[in-house]
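Peer 1: Below you will find the structure I want to go over with you.
The values are calculated or read from the model by the stated rules, or taken from the named source; none is laboratory data. Nothing here was measured: the structure is a model prediction, and the numbers come from that model. No Cβ is skipped: glycine too gets one built from the backbone with ideal geometry, and neighbour counts run over all protein chains shown.
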């Protein structure tokens, strides 16, 4: 029985990188150290050890953008090939990519590994191929979808995501994405790697921003539901932190928490709303946000 491990200690990483070098770089007579690149600190690493504690498989994933994850450096010791370990690693890395909000995964595959990636749902992207040393590599891509996610009014949800990106560009740099909208619940996620502090947890300011945008987004979608339009601004916001976020930042706003009336807006008057947003680390509640938002009538020119 094999299990996926996350390298944490200095020794874990020393074993992990040595195995990567031995499998992927030594055959090409590359020196020790060439197995690392500039993405190591912002990547998620996984490995498998045998019962004797020896590393026998490794893999890595990092985010190229808020929507795209890249898988690299999957390797399995020859003695253990054919036992499904590579697929175990890839499934674990794909889970990480989904939790980071990726909608697609890419990999630069060698000719020998193309069949493996095809068997796991990747397709060749003929528009992107390149040469790496003596190995001809072909970019492959796999579209990701969450079978449990419910996206009511997808056009509105895409417009909300675009509005965040266009008017608050840093939201994309933070990896903040709308995960699902049911009509009564809005759930968003953010990338931990893009908001991590020196303690290995999420910046408090990033958590506040995630909560604020989630509340803002709920009002945006409710305006669409009611056929209204207006400028949404934050009037006041408070957040109580209970635990740090160390894994999967998530925010949830339920319609039941929204207090206020939209009627004044239809009469070209401003209106205010109180709402709350729950902040979670995966499924564990870690903070609560309460905010006051104002919706101002659109200016008529």
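Peer 1: Report yes if some residue within segment 184-192 is farther than 22 Å from residue 69 by Cα and assigned to a strand (DSSP E or B); otherwise report no.
Peer 2: yes
Peer 1: Restricting segment 217-242 to residues that are assigned to a helix (DSSP H, G or I) and over 20 Å from the mean Cα position of the chain (by Cα), which is farthest from residue 153 (Cα to Cα)?
Peer 2: Among them, the one singled out is 219.
Peer 1: Assess whether residue 261 counts as being in a loop (DSSP other than H, G, I, E, B) and within 24 Å of residue 182 (Cβ to Cβ).
Peer 2: So residue 261 fits the description; yes.
Peer 1: Another question, then. Within segment 259-280, is there a residue that is within 24 Å of residue 8 (Cβ to Cβ) and within 20 Å of the chain's Cα centre (by Cα)?
Peer 2: The answer is yes; a qualifying residue exists.
Peer 1: Checking residue 195 against (1) over 15 Å from the mean Cα position of the chain (by Cα); (2) touching a residue at least 24 places away in the same chain (Cβ under 8 Å), which test does it fail?
Peer 2: Exception for residue 195: condition (1).
Peer 1: Being assigned by TED's automatic domain parsing to the domain that holds residue 186, within 13 Å of residue 290 (Cα to Cα), surrounded by 14 or more Cβ atoms within 10 Å (Cβ to Cβ) and touching a strand residue (DSSP E or B) at 6+ places or on another chain (Cβ under 8 Å) is the requirement here; does residue 254 meet it?
Peer 2: yes
Peer 1: Same structure, new question: Among the residues of segment 60-85, write down those that are in contact with a helix residue (DSSP H, G or I) (Cβ under 8 Å, 6 or more places away or on another chain), at negative phi and assigned to a strand (DSSP E or B).
Peer 2: 60, 61, 62, 63, 69, 71, 74, 75, 76
Peer 1: Given (1) touching a helix residue (DSSP H, G or I) at 6+ places or on another chain (Cβ under 9 Å); (2) modelled with pLDDT of 95 or more, identify the lone condition not met by residue 211.
Peer 2: Among (1) touching a helix residue (DSSP H, G or I) at 6+ places or on another chain (Cβ under 9 Å); (2) modelled with pLDDT of 95 or more, residue 211 violates only (1).
Peer 1: Answer yes or no as to whether residue 42 is in contact with a helix residue (DSSP H, G or I) (Cβ under 9 Å, 6 or more places away or on another chain), in the same structural domain as residue 112 (by TED's automatic domain parsing), closer than 26 Å to residue 196 by Cα and in contact (Cβ under 8 Å) with a residue 60 or more places away in the chain.
Peer 2: The answer is yes for residue 42.
Peer 1: Determine whether residue 256 is within 30 Å of residue 192 (Cβ to Cβ), out of contact with any helix residue (DSSP H, G or I) (no Cβ under 9 Å at 6 or more places or on another chain) and modelled with pLDDT under 95.
Peer 2: Spelling it out, residue 256 is indeed within 30 Å of residue 192 (Cβ to Cβ), out of contact with any helix residue (DSSP H, G or I) (no Cβ under 9 Å at 6 or more places or on another chain) and modelled with pLDDT under 95.
Peer 1: So, in segment 86-118, exactly how many residues are touching a residue at least 40 places away in the same chain (Cβ under 8 Å) and outside any loop (DSSP other than H, G, I, E, B)?
Peer 2: 12
Peer 1: Quick check on my filter: what residues within segment 166-184 are buried (at least 16 other Cβ atoms within 10 Å of the Cβ) and either at negative phi or not assigned by TED's automatic domain parsing to the domain that holds residue 220 (or both)?
Peer 2: Answer for segment 166-184, where residues must be buried (at least 16 other Cβ atoms within 10 Å of the Cβ) and either at negative phi or not assigned by TED's automatic domain parsing to the domain that holds residue 220 (or both): 168, 171, 172, 174, 176, 177, 178, 179, 180, 181.
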